[in-house]
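**Student:** First, the structure itself, so that you have it in front of you.
The values are calculated or read from the model by the stated rules, or taken from the named source; none is laboratory data. A quick note: this is a predicted structure, and the numbers were derived from the prediction, not measured. As a convention, Cβ positions derive from the backbone with ideal geometry for all residues, glycine included, and neighbour counts pool all protein chains shown. Areas reflect the complete protein model, heavy atoms only, side chains present, ligands, DNA and RNA absent. Shrake-Rupley method; radii C 1.70, N 1.55, O 1.52, S 1.80 Å.
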Amino acid sequence: MCGIIGFTGDNVPAVPILVDGLKKLEYRGYDSAGVAYFKDNKIEITKSKGRLTVLEDLLKTKKGTDGTVGIGHTRWATHGEPSDINSHPHISNSGLFAVVHNGIIENYATLKEELKEKGCNFLSDTDTEVIAHLLETSYDGDFISTVKKAASRLEGSYALGILCKENPGQIVCVRRSSPLIIGVGTDGNYIASDITAILTHTRKIYQLDDGEMALLTPKKVTIFDEDGKEIAKKVEKVTWDVAAAEKGGYEHFMIKEIMEQPHVLAETISPRIASDGSINLDGIDFTKEQLKKVNRIYILACGSAYHVGVVGKYVIEKLTSIPVEIDLASEFRYRNPLVDSNSMVIIISQSGETADTLAALREAKTKGARIISIVNTVGSSIARESDDVLYTWAGPEISVATTKAYSTQLSLVYLFAIYVANKLNKIGDAEVKKLLSELNALPDKISEILKLAPQIETLANRYAYLEHAYFIGRNLDYAVALEASLKLKEISYIHSEAYAAGELKHGTISLIEKGTFVVGLCCCERLVDKTVSNIREVKARGAEVLALAVEGNDAVAKEADRTLYIPSTHEIFMPSLEVVPMQLLGYYIAKARNCDIDKPRNLAKSVTVE
Ligand code: F6R
């Protein structure tokens, strides 16, 4: 995820403070970095693709970098590949405004067209550049009122740090749905997307709320509400140490990323639903005729991404009636698959670099299939080699065990399935509207589920020292059981297996004895009774059962030892809700066992070897 820093001081050079702040933000992941500062009453930009050392070397070659006001940014590409030109800051055509931006501007394409008509010249592929030009074309001689006017045109999420050539010594910032704080220092004042960036300079901060703006000078911070009215805010004192702050105050990246899910899910879903209710798959388009020719969809992936594919098979087949095969990429590549030019292949990968998944993609491509990938890392090999890419805008995932990438991948699979089903007239516009409204409601429902964390932590302490775990469920509950089981085993080192509940009696039930831990996923309403029967069977053999059920379903609690409840949603979206308590369960059990949660033994975040 991108990072922002800004500083305005009296006699202190800004650039070293900006670079130092950007270094503190490195842990968030980035592909390019840049700074803007004043030189000879003009705004100067230095930026480049690559690590911060590249930017530092570039700055060493420049003269006049000792100005006392500036803004800096680490970019994690969403719109446009990682490149020098796409890096932030972006500057308006006459050099009047420079801007750094975190978030996604959903209406950037419309604004771009409008600004082009006004004569603005665009250099980059980013959504951010529209903001620089919008500021320039909205300029009314007043820094704050110009920002207010421009911000009112933006849809989506943003945290902005802005310099204006006419107002040296000042920074204006504004935010909506993307974090931004202001640091009050002794030598000057700061803006940052993350406390980490400024913690060595100050612990006194203002937290900006949605829609609020601020004007910073070296001596003063003035905060305005959405209507431009000056407001008084309380300065808060940060008590975290620097190491904790890098994880945003969380103990591990994994729990931070679990907690980020409502936000990143909204970032991934909402820009793809247009105001007229249609689905916009980033320009990917299929005609009805093209889709009618598709004889089979293959989903290829590894690990958790494969588990997303298992959900995808159920959902895509249900909505589109196109047969779906889900394959482990490592198996697909060696089995001479019957893919042809009428096959559609969906590749799912967080890193976009997984060796087996990339090899499977190439295998499918040589057979003539159209390749659509769902990828988190912009410009990765899988993204580059696919015919079409859908990016999960989850931001960098640092914990080895995936959580937010899984959730955002799932949301794109849903959108894709609804899009195809509608194109094929398998579902009508009214049904699409109903489904999209449920999809849009998932982030809020996940926020509700995250409130279960303390309850799950208490439960986890009870289960932490068990040696084996079995996750059972049917249909989509089984698909989630696969992911829940992997989550637990990879970080806690407890032996765990997932079973389609109906399969238990074909062998595995012989392993159930007094005290065996079984998690029964009972959220697929149609099949709850069946799974409850399986719970009865394992209970009869002494199992200790934790169940997951939909609020209002009392039948499950009657059979299980303990039950966690989650809100209801449309059947096909249940996995998005079910997986969250399962991630928390794995996390808290691993924590109780004192495991190295973010870096489990023997595992790597990106598996680039076979
Ligand atoms: C498990 C996990 C892995 C990955 C798998 C594929 O928590 O993260 O199972 O899902 O290694 O990685 P990507 O998605 O990068 O292809």
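**Student:** Name the single residue, out of those in region 15-33 being more than 22 Å from the chain's Cα centre (by Cα) and in contact (Cβ under 8 Å) with a residue 60 or more places away in the chain, that is most open to solvent (accessible area, probe 1.4 Å).
**Tutor:** Here the residue is Asp20.
**Student:** Note down all Cβ pairs under 8 Å where the first residue falls in region 343-368 and is free of Cβ contacts under 8 Å to residues at least 24 places away in the same chain, the second is surrounded by fewer than 24 Cβ atoms within 10 Å (Cβ to Cβ) and assigned to a strand (DSSP E or B), and they're at least six residues apart or on different chains.
**Tutor:** From region 343-368, the pairs are Lys365/Ile371.
**Student:** Contact list please: Cβ distance under 7 Å, first residue in region 402-425 and open to solvent by 10 Å² or more (accessible area, probe 1.4 Å), second residue part of a loop (DSSP other than H, G, I, E, B) and within 12 Å of the ligand (Cβ to nearest atom), pairs at least six apart or on different chains.
**Tutor:** Thr402/Gln350
**Student:** Taking the stated definitions as given, is Ala109 within 25 Å of the chain's Cα centre (by Cα) and closer than 22 Å to Ser32 by Cα? Outline the logic, then answer.
**Tutor:** Working: within 25 Å of the chain's Cα centre (by Cα): yes; closer than 22 Å to Ser32 by Cα: no.
Against the criterion (within 25 Å of the chain's Cα centre (by Cα) and closer than 22 Å to Ser32 by Cα), Ala109 does not qualify.
**Student:** Before we move on, is Gly352 in a loop (DSSP other than H, G, I, E, B), closer than 30 Å to Tyr30 by Cα and in contact with a Leu (Cβ under 9 Å, 6 or more places away or on another chain)? Explain how you work it out, then say what you get.
**Tutor:** On the way: in a loop (DSSP other than H, G, I, E, B): yes; closer than 30 Å to Tyr30 by Cα: yes; in contact with a Leu (Cβ under 9 Å, 6 or more places away or on another chain): yes.
For Gly352, the condition - in a loop (DSSP other than H, G, I, E, B), closer than 30 Å to Tyr30 by Cα and in contact with a Leu (Cβ under 9 Å, 6 or more places away or on another chain) - is met.
**Student:** Same structure, new question: May I ask you to verify whether Ile374 is part of a strand (DSSP E or B), closer than 17 Å to Ala77 by Cα and of a type in the set (A, V, I, L, M, F, W, C)? Can you show your working first?
**Tutor:** On the way: part of a strand (DSSP E or B): yes; closer than 17 Å to Ala77 by Cα: yes; of a type in the set (A, V, I, L, M, F, W, C): yes.
Yes.
**Student:** Please state which one of Glu106, Glu114 is at pLDDT 95 or above, in the same structural domain as Thr217 (by TED's automatic domain parsing), open to solvent by 20 Å² or more (accessible area, probe 1.4 Å) and not basic (Lys, Arg). Walk me through it before giving the result.
**Tutor:** On the way: Glu106 fails: at pLDDT 95 or above.
Selected residue: Glu114, the only one of Glu106, Glu114 that is at pLDDT 95 or above, in the same structural domain as Thr217 (by TED's automatic domain parsing), open to solvent by 20 Å² or more (accessible area, probe 1.4 Å) and not basic (Lys, Arg).
**Student:** Within region 305-320, take every residue that is open to solvent by 10 Å² or more (accessible area, probe 1.4 Å) and among the hydroxyl-bearing types (Ser, Thr, Tyr) and give me the one that is nearest to the ligand (Cβ to nearest atom).
**Tutor:** Tyr306
**Student:** Mind checking which pairs have a first residue in region 587-609 that is under 30 Å from Ala359 (Cα atoms) and open to solvent by less than 20 Å² (accessible area, probe 1.4 Å) and a second that is at pLDDT below 95 and within 12 Å of the ligand (Cβ to nearest atom), Cβ under 8 Å, 6 or more apart or different chains?
**Tutor:** Ile597/Ser399; Asp598/Ile398; Asp598/Ser399; Asp598/Val400; Pro600/Val400
**Student:** Report, by residue number, each residue of region 170-180 that is open to solvent by less than 20 Å² (accessible area, probe 1.4 Å) and either at pLDDT below 95 or among the acidic types (Asp, Glu) (or both). Talk me through it step by step, then tell me what you get.
**Tutor:** First, pick out the residues of region 170-180 that are open to solvent by less than 20 Å² (accessible area, probe 1.4 Å): 171-174, 178, 180.
The answer is Ser178, Leu180.
**Student:** Out of (1) touching a helix residue (DSSP H, G or I) at 6+ places or on another chain (Cβ under 7 Å); (2) within 25 Å of Leu319 (Cα to Cα); (3) surrounded by fewer than 21 Cβ atoms within 10 Å (Cβ to Cβ), the odd one out for Asp529 is which?
**Tutor:** Just one mismatch for Asp529, condition (1).
**Student:** Has region 547-570 got any residue that is open to solvent by 10 Å² or more (accessible area, probe 1.4 Å), under 19 Å from Val308 (Cα atoms) and not acidic (Asp, Glu)?
**Tutor:** The answer is yes, given that some residue of region 547-570 is open to solvent by 10 Å² or more (accessible area, probe 1.4 Å), under 19 Å from Val308 (Cα atoms) and not acidic (Asp, Glu).
**Student:** Report every pair of residues separated by at least 6 positions or lying on different chains whose Cβ atoms are under 7 Å apart, first residue within region 283-310 and under 14 Å from Ile382 (Cβ atoms), second among the basic types (Lys, Arg) and surrounded by 17 or more Cβ atoms within 10 Å (Cβ to Cβ).
**Tutor:** Note: pairs meeting the criteria are Ile299/Lys313.
**Student:** Would you check if Ser278 is out of contact with any Pro (no Cβ under 7 Å at 6 or more places or on another chain) and within 16 Å of the ligand (Cβ to nearest atom)? Full working, then the answer.
**Tutor:** Details: out of contact with any Pro (no Cβ under 7 Å at 6 or more places or on another chain): yes; within 16 Å of the ligand (Cβ to nearest atom): no.
Spelling it out, it is not the case that Ser278 is out of contact with any Pro (no Cβ under 7 Å at 6 or more places or on another chain) and within 16 Å of the ligand (Cβ to nearest atom).
**Student:** How many residues are open to solvent by less than 10 Å² (accessible area, probe 1.4 Å), within 12 Å of the ligand (Cβ to nearest atom) and out of contact with any Ser or Thr (no Cβ under 6 Å at 6 or more places or on another chain) when one looks only at region 361-382?
**Tutor:** Residues of region 361-382 open to solvent by less than 10 Å² (accessible area, probe 1.4 Å): 361, 364, 369, 371-376, 380, 382.
Filter again for within 12 Å of the ligand (Cβ to nearest atom), leaving 361, 373-376, 380, 382.
Now drop any that are not out of contact with any Ser or Thr (no Cβ under 6 Å at 6 or more places or on another chain), which leaves 361, 374, 380.
Residues in region 361-382 being open to solvent by less than 10 Å² (accessible area, probe 1.4 Å), within 12 Å of the ligand (Cβ to nearest atom) and out of contact with any Ser or Thr (no Cβ under 6 Å at 6 or more places or on another chain): 3 in total.
**Student:** Lys539 fails exactly one of the following numbered conditions: (1) in contact (Cβ under 8 Å) with a residue 40 or more places away in the chain; (2) surrounded by fewer than 21 Cβ atoms within 10 Å (Cβ to Cβ); (3) not aliphatic (A, V, I, L, M). What is the number of that condition?
**Tutor:** Going through the list (1) in contact (Cβ under 8 Å) with a residue 40 or more places away in the chain; (2) surrounded by fewer than 21 Cβ atoms within 10 Å (Cβ to Cβ); (3) not aliphatic (A, V, I, L, M), Lys539 breaks only (1).
**Student:** Further question on the same structure: Scan region 211-248 residue by residue and report those that are open to solvent by 70 Å² or more (accessible area, probe 1.4 Å) and out of contact with any helix residue (DSSP H, G or I) (no Cβ under 9 Å at 6 or more places or on another chain).
**Tutor:** Keep residues of region 211-248 that are open to solvent by 70 Å² or more (accessible area, probe 1.4 Å), which gives 219-220, 226-227, 229-230, 232, 234, 236-237, 239-241.
Once the filter is applied, which keeps residues that are open to solvent by 70 Å² or more (accessible area, probe 1.4 Å) and out of contact with any helix residue (DSSP H, G or I) (no Cβ under 9 Å at 6 or more places or on another chain), region 211-248 yields Lys219, Lys220, Lys229, Glu230, Ala232, Lys234, Glu236, Lys237, Thr239, Asp241.
**Student:** Hey, can you tell me all the residues within region 336-354 that are open to solvent by less than 20 Å² (accessible area, probe 1.4 Å) and either within 16 Å of the ligand (Cβ to nearest atom) or within 10 Å of Ala301 (Cα to Cα) (or both)?
**Tutor:** Taking region 336-354 as the starting set, the residues that turn out to be open to solvent by less than 20 Å² (accessible area, probe 1.4 Å) are 337, 339, 343-349, 351-352.
Passing the criteria: Val345, Ile346, Ile347, Ile348, Ser349, Ser351, Gly352.
**Student:** What's the number of the only condition in (1) farther than 30 Å from Val538 by Cα; (2) more than 16 Å from the ligand (Cβ to nearest atom); (3) touching a residue at least 24 places away in the same chain (Cβ under 8 Å) that Gln455 fails to meet?
**Tutor:** Among (1) farther than 30 Å from Val538 by Cα; (2) more than 16 Å from the ligand (Cβ to nearest atom); (3) touching a residue at least 24 places away in the same chain (Cβ under 8 Å), Gln455 violates only (1).
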